[in-house]
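All remarks here apply to the structure that follows.
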Amino acid sequence: MYILSLLVATSYYTGYSYIEPFLKQVAGLSDGWITTTLMIFGGAGIIGSFSFSKFYPKNPFRFMNIVLLGIVASLVLLRISASLPTTVIMLCAVWGIAVTAFNVALQAEIINNSPQNATSISMSIFSGIFNLGIGCGTLLGGYICTYISIAEIGYVGGAVAILAFVYWYMRVKKLLQTKRIKSQTSR
């Protein structure tokens, strides 16, 4: 789960660290609309939190699939959506929902799978690794802006997010499912 956290944070911050200049230079938004878009992005996170509380308990694996694919789609479609102000603003809202929902869900999984009396240690490790992902994403995005083009940050972040999804789907999800099956049969 920690590797997944690192990959998602890296993907997210590859794009998000440079979203303000992206919205200005690539999408052509005015300063006022950039501020509004960032407020919508942040406010949409509240919807992500509510989505977590409503849908995650019913089917946590499906929920994680959807929010991870939401992050992938948001990053991959970032440049394409920049052709129209409305689409890039709506995409940023979806991105905000997906990222917040993912973070809350992953934290729940870490807490649920922590050794007894080690929750605070597990969450501290998660926090440190997530912060490392912020730095890695910012560094990667900076390289993209410097050596390629700011317009490409979504594609590169999306590639990392695809890697995160594949890792989730092929490794983490299977381990968690196996662990849940074992805990249910031992009751």
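The values are calculated or read from the model by the stated rules, or taken from the named source; none is laboratory data. The structure displayed is predicted, hence computed values, not measured ones. Methodologically, a virtual Cβ is constructed for each residue, glycine included, from the backbone with ideal geometry; neighbour enumeration extends over all protein chains shown. Note: areas computed on protein heavy atoms with side chains; ligands, DNA, RNA excluded. Shrake-Rupley method; radii C 1.70, N 1.55, O 1.52, S 1.80 Å.
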Practice task
Check Thr35 against each of (1) open to solvent by 70 Å² or more (accessible area, probe 1.4 Å); (2) under 15 Å from Ser149 (Cα atoms); (3) of a type in the set (S, T, N, Q) and name the one condition it does not meet.
Solution key: (2)
Exercise for the section: Give the stretch 8-26 a look and list any residue that's part of a helix (DSSP H, G or I) and crowded, with 21+ Cβ neighbours inside 10 Å, or say none. Expected result: Val8, Ala9, Thr10, Ser11, Tyr12, Tyr13, Thr14, Gly15, Tyr16, Ile19, Phe22, Leu23
Exercise for the section: Working carefully through the options Ser30, Ser53, find the one that is farther than 30 Å from Asn112 by Cβ and either in contact with a Cys (Cβ under 7 Å, 6 or more places away or on another chain) or hydroxyl-bearing (Ser, Thr, Tyr) (or both). Expected result: Ser30
Exercise for the section: Could you tell me whether the stretch 49-60 includes any residue that is buried (at least 16 other Cβ atoms within 10 Å of the Cβ), farther than 21 Å from Ile162 by Cα and without any contact (Cβ under 8 Å) to a residue 12 or more places away in the chain? Expected result: yes
Exercise for the section: Determine whether the stretch 165-183 contains at least one residue that is under 27 Å from Val26 (Cβ atoms), open to solvent by less than 60 Å² (accessible area, probe 1.4 Å) and at pLDDT 95 or above. Expected result: yes
Handout entry: Lys58, sole failed condition from (1) under 24 Å from Met1 (Cβ atoms); (2) part of a helix (DSSP H, G or I); (3) over 19 Å from the mean Cα position of the chain (by Cα)
Key = (2)
